[in-house]
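**Student:** Sharing a structure here in structure tokens format.
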Amino acid sequence: MNRLSGISLTGTTSAPAQGVVQALRNRDARVLITDRPSVWRADVVDRLNYLCCLPVGWNGYGAGPVNFNTANFALRVLESVCSSDTPAPSIVPGPSGDLQIEWHLETGDIELHIRAPNDVHGWFETVGTEQSGQEAQLTIDFTEVAHWIKKLLESTRAPIKAAA
Amino acid sequence: MPLSKPPLDDTGEVTPHDHHDISNEDRVIRRISEEHFVLDTKVSGGKRISTMAFQASSDGNRGMSVDLEASIIDAGLDAKIFVTTPKFFGSVWFLAGFLRAETFMVGYDPLPDNAHHGEVWGIFSKGRQKKLLNSAQWFVEVDGVFLPSAAA
């Protein structure tokens, strides 16, 4: 059975590792790239593995489990856009092997509907704005999502700084 | 009275349609799985239903699956028991007329294991999904899960 794990994904992520690439001193030296530290990474991997094993009909209407490739892509997206202090996302399965990654904080909301690898609809809304949110179709470039997350976290921290 | 047969395509699959036997006053029920719950620090209790609970299938002619309450009742069944058996966590309802006003089509798509199965067809944009979430009413409530209409 396919399973997401730190081992299987090592080397496949495009995210820059933080100070974990070791200098190559000779031909026998090993170059090690390890996963980014994140308190919730293991929980996310467990959740994605669980969603890939959902029974057919989990939603009451015949939906199947989340597609493995879609789950794998979702993990790579998270590794690319999240920093170590990004809060854990909620991950919700869809009716067609798709899934949605969501953050809902006091300051706003982000939803990434991952229909398939490289086929993502992103939506971002901040609380208190009259606009109905920003939307983006995403394939390989998730810079916009990283900005959304940064904006959400900055506005979450702002009241704390002001109160300090 | 049982619903009349829905239109089929060449492969025998139900095609998207607005069924004339489903009146605007009829309630359509959407089952909610516990997998649909997300954390949201803005809501009471911190847990609510995801917009993903109101997503159409991308398979063939499928839309968003629902149960047709009037059809269940006509068959002499208890709708709350029907949509909760064997394991389903909760459910919400909409009036068919509300969905039609949002330019969705509400049709009949009986399945081998659910003779009261319907579909809602249309464009499930994020704005519409949020409107569905905000308009949904509990049919079988799940304790500790926030629903905007219940809080209003």
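The values are calculated or read from the model by the stated rules, or taken from the named source; none is laboratory data. Keep in mind that what you see is a predicted model, and the values were worked out from it rather than measured. So basically every Cβ, Gly included, is an ideal-geometry build from the backbone, and we count neighbours across all protein chains shown.
**Student:** Of all residues in the range A:111-127, which are under 11 Å from the mean Cα position of the chain (by Cα) and touching a residue at least 24 places away in the same chain (Cβ under 8 Å)?
**Tutor:** A:112, A:114, listed by residue number.
**Student:** Something else about it: Within the range B:49-62, restricting attention to residues that are more than 7 Å from chain A (Cβ to nearest Cβ) and over 17 Å from residue B:127 (Cα atoms), which residue is farthest from the chain's Cα centre (by Cα)?
**Tutor:** B:60
**Student:** I'd like to check something: does the range A:63-76 contain any residue that is without any contact (Cβ under 8 Å) to a residue 40 or more places away in the chain and within 9 Å of another protein chain (Cβ to nearest Cβ)?
**Tutor:** yes
**Student:** Just name the residue that is modelled with the lowest pLDDT out of those in the range B:1-34 that are over 23 Å from residue B:123 (Cα atoms) and not β-branched (Val, Ile, Thr).
**Tutor:** B:1
**Student:** Another question about this same structure. Please determine, by comparing only the residues of the range B:23-58 that are of a type in the set (A, V, I, L, M) and crowded, with 22+ Cβ neighbours inside 10 Å, which one is nearest to residue B:104 (Cα to Cα).
**Tutor:** The qualifying residue nearest to residue B:104 (Cα to Cα) is B:28.
**Student:** Quick one: count up the residues across the range A:77-128 that are among the polar types (S, T, N, Q) and away from chain B (no Cβ under 11 Å).
**Tutor:** Residues that pass the stated criteria total 6.
**Student:** Among (1) in contact with a strand residue (DSSP E or B) (Cβ under 9 Å, 6 or more places away or on another chain); (2) surrounded by fewer than 22 Cβ atoms within 10 Å (Cβ to Cβ); (3) aliphatic (A, V, I, L, M), which single condition is residue A:120 missing?
**Tutor:** Only one criterion in (1) in contact with a strand residue (DSSP E or B) (Cβ under 9 Å, 6 or more places away or on another chain); (2) surrounded by fewer than 22 Cβ atoms within 10 Å (Cβ to Cβ); (3) aliphatic (A, V, I, L, M) is unmet by residue A:120, namely (2).
**Student:** If you take the residues in the range B:63-88 that are at the interface with chain A (Cβ under 9 Å from one of its Cβ atoms) and part of a loop (DSSP other than H, G, I, E, B), which one is surrounded by the most Cβ atoms within 10 Å (Cβ to Cβ)?
**Tutor:** Going through the qualifying residues, I end up with B:88.
**Student:** State yes or no: is residue A:60 within 12 Å of chain B (Cβ to nearest Cβ), touching a residue at least 24 places away in the same chain (Cβ under 8 Å) and in a loop (DSSP other than H, G, I, E, B)?
**Tutor:** No: the conditions fail for residue A:60.
**Student:** Could you list all residues from the range B:1-60 that are among the acidic types (Asp, Glu), touching a residue at least 60 places away in the same chain (Cβ under 8 Å), farther than 18 Å from residue B:151 by Cα and touching a helix residue (DSSP H, G or I) at 6+ places or on another chain (Cβ under 8 Å)?
**Tutor:** B:18, B:25, B:26
**Student:** Quick check: anything in the range B:138-150 within 11 Å of the chain's Cα centre (by Cα), assigned to a strand (DSSP E or B) and at negative phi?
**Tutor:** yes
**Student:** Could you check residue B:96 against (1) of a type in the set (A, V, I, L, M); (2) more than 12 Å from the chain's Cα centre (by Cα); (3) more than 14 Å from chain A (Cβ to nearest Cβ); (4) under 16 Å from residue B:116 (Cα atoms) and say which number it fails?
**Tutor:** Of everything listed in (1) of a type in the set (A, V, I, L, M); (2) more than 12 Å from the chain's Cα centre (by Cα); (3) more than 14 Å from chain A (Cβ to nearest Cβ); (4) under 16 Å from residue B:116 (Cα atoms), residue B:96 misses just condition (2).
**Student:** Considering each residue of the range A:68-83, count those that are assigned to a loop (DSSP other than H, G, I, E, B) and among the acidic types (Asp, Glu), and give that number.
**Tutor:** 0
**Student:** Also, I was wondering about something else. Report the residue count in the range A:140-156 for those that are over 16 Å from residue A:78 (Cβ atoms) and away from chain B (no Cβ under 14 Å).
**Tutor:** 2
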